[in-house]
Every structure is written in C-alpha cells, then in structure tokens.
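What follows draws every value from the coordinates through simple rules; no lab data is involved. Please read these numbers as outputs of a predicted model, since none were measured by experiment. No Cβ is skipped: glycine too gets one built from the backbone with ideal geometry, and neighbour counts run over all protein chains shown.
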C-alpha cells in the first residue's frame, strides 16, 4: 500500500512538473497572443479610415508598423494596445479626438510589424521607437503628447515612462504587474518563479512625473478594480474613474460619460 502511494504521489509530482515546464515554455504565447491579420487587410483598413502608415525602426533593428490619423501636427495621443487588441483601435480613439493627431502601432510579432519574439523589453523598445518618431520626425513636442495604455499596453507605457516624460497619461484597464494577474489566474502555479516578462507597473508608478487618468471597470474579473485603486494610490498625480458594470473585454470608451471624461482630460492637458 505504501509503495502504491509513493508511486501515485510520484506520478502526480511528475505530471505537475510537466505542466509547470510546459507553461514556462509557452508563457510568451499566453502573454502575447498576436492574432495574424494579412498586410493587405491592414492596408485596406487604413485606406478606408484615411490613415497614414509608417514603418519605424527600433534600436535593435525591429521594424514597427505605425498608423497615424493626422490633425494638424500640434498635439498627439499615442495609443498602446492590449495583448489581445491591435492597431485598429486607432479608429475609435481618433473619432473621440477630432483635433488631435492619433497614433497606434503594432508591437513586434503583431500584425504588420516584424515577427520578432516579443518580450517586455522589446515592447518598451517598440514604444520608444514610436515616441522618437512622433517627437523627432513629426516634431510634436513631449509637452503636447498624451500616452494611452490599455491593459498590457499600460505595462508598456509604465516602462516607457521610465525613459520619457509626456504631458499626461491615460491608463485603461491596466494592472499593477503581469505577475499579479498571473498569480490570481494560475494560483496553483509558482508564477513568481516562472514569469520572465513581469511588467512591474506598481514599482514604477511612484516615478511617473505626468498627471494620470485611470479608467477601470468595476466588473473586471481578469484585472480586478483593486489594481486601479492601488495604482491610483501609488501614482503622484492620478484621478481614478470607475466605470460601473464594465468588464475587461468591454471597450470602456463606448460609454458617453467615459468618452466625455477622456476628451476633457486630454483637452485640459494638450488642448482640444
């Protein structure tokens, strides 16, 4: 009986360690699930929405696809999408801000950009390349730029903010860290030991110099509202707007009151 028990426990241990190993190997696919979109489809979509497309090259040579809705070149919002989102979100953002240049881009491995393996450092480098393009090529000064990070994009923006200072920031449904999210979703796994790409936003938040608007749904069960509350407490200059009844997969800005608050915040920082 004891021998049988030891065999059973050994089998369970081997199975568990196999799952842990598999998750470690596949973690980047879980964190960066880039869904393919043919370039022809992106081109047609950009044409239909009258968007400019530009390729920028990062410090490591990675080519990043950027879409741009021009509006005079005096002020800008740069949108950083979530891990399951994409560059196409520019259409909605641009519709809310008719007098503002709006940029969105695909991270490495996402549609239109180079199929380079993604990582936290890589995505932050991509964001920096886009920032450099907006400020140095399109000549929009940092004091006329708002960075907008949604979900994983908030983690990217937090990393970028350790290098640059825009006029203001919008965080939309984002987290205190990717590890905190994974710890809750996979409580049975040693995620603190496994995760390579940690996106430690809570650690970075106290060093953010720009004013921040936080938007977060109260019914977000993937990144709970408590993440936004903690970030709001850590950020030096932050306002938190709770969006009742909205979850993580909801587009918060389709709510009229959220759109109004978003437009008012952007206008108060860089003009209408």
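Given in Å, the Rg to one decimal and the Dmax to the nearest whole number for the Cα atoms of region 22-137 are 14.2, 50. Specify the angular offset, from 0 to 90 degrees and rounded to the nearest 10, of the alpha carbon long axis of helix 225-234 from the longest principal axis of the alpha carbons in the chain. Approximately 60 degrees, to the nearest ten. Tell me the angle of helix 2-31 to the major Cα principal axis of the chain, expressed in degrees between 0 and 90 and rounded to the nearest ten. So the helix axis and the longest Cα principal axis differ by about 10 degrees. Report the residue, chosen from 106, 173, 95, that carries the largest GNM mean-square fluctuation when the chain is represented by alpha-carbon nodes joined by springs under 10 Å. Largest GNM mean-square fluctuation: 95. Rounded to the nearest 500, the helix-only mean residue ellipticity at 222 nm of the chain stands at -12000 deg cm²/dmol, with each DSSP H run of n ≥ 4 adding -39,500 (n - 2.57). Taking the DSSP bridge list for the chain and keeping only pairs wholly inside it, about 30 percent are antiparallel.
Ranked by how many other Cβ atoms sit within 10 Å of their own Cβ, fewest first, the residues 135, 62, 165 fall in the order 165, 135, 62. You can think of it this way: the chain between residue 49 and residue 132 has 27.4 nm of extra reach, that is 0.36 nm per residue less the Cα-Cα gap. With a simple spin-label model that places each label point 7 Å from the Cα along the Cα-to-Cβ direction, the separation between residue 165 and residue 257 comes to 3.5 nm.
For the chain, the longest principal axis of the Cα atoms and the long axis of helix 39-48 meet at an angle of about 40 degrees. Here the Gaussian network model covers the chain, with springs between Cα atoms less than 10 Å apart; of 92, 127, 238, 92 fluctuates the most. Average 1/r across all pairs of distinct alpha carbons in region 35-270, invert it, and you get the Kirkwood radius: 17.7 Å. Of the residues 209, 167, the one with the fewest other Cβ atoms within 10 Å heads the list, and the complete ranking is 209, 167. Taking the chain as a Gaussian network of alpha-carbon nodes connected by springs under 10 Å, the highest mean-square fluctuation of the residues 229, 257, 55 belongs to 257.
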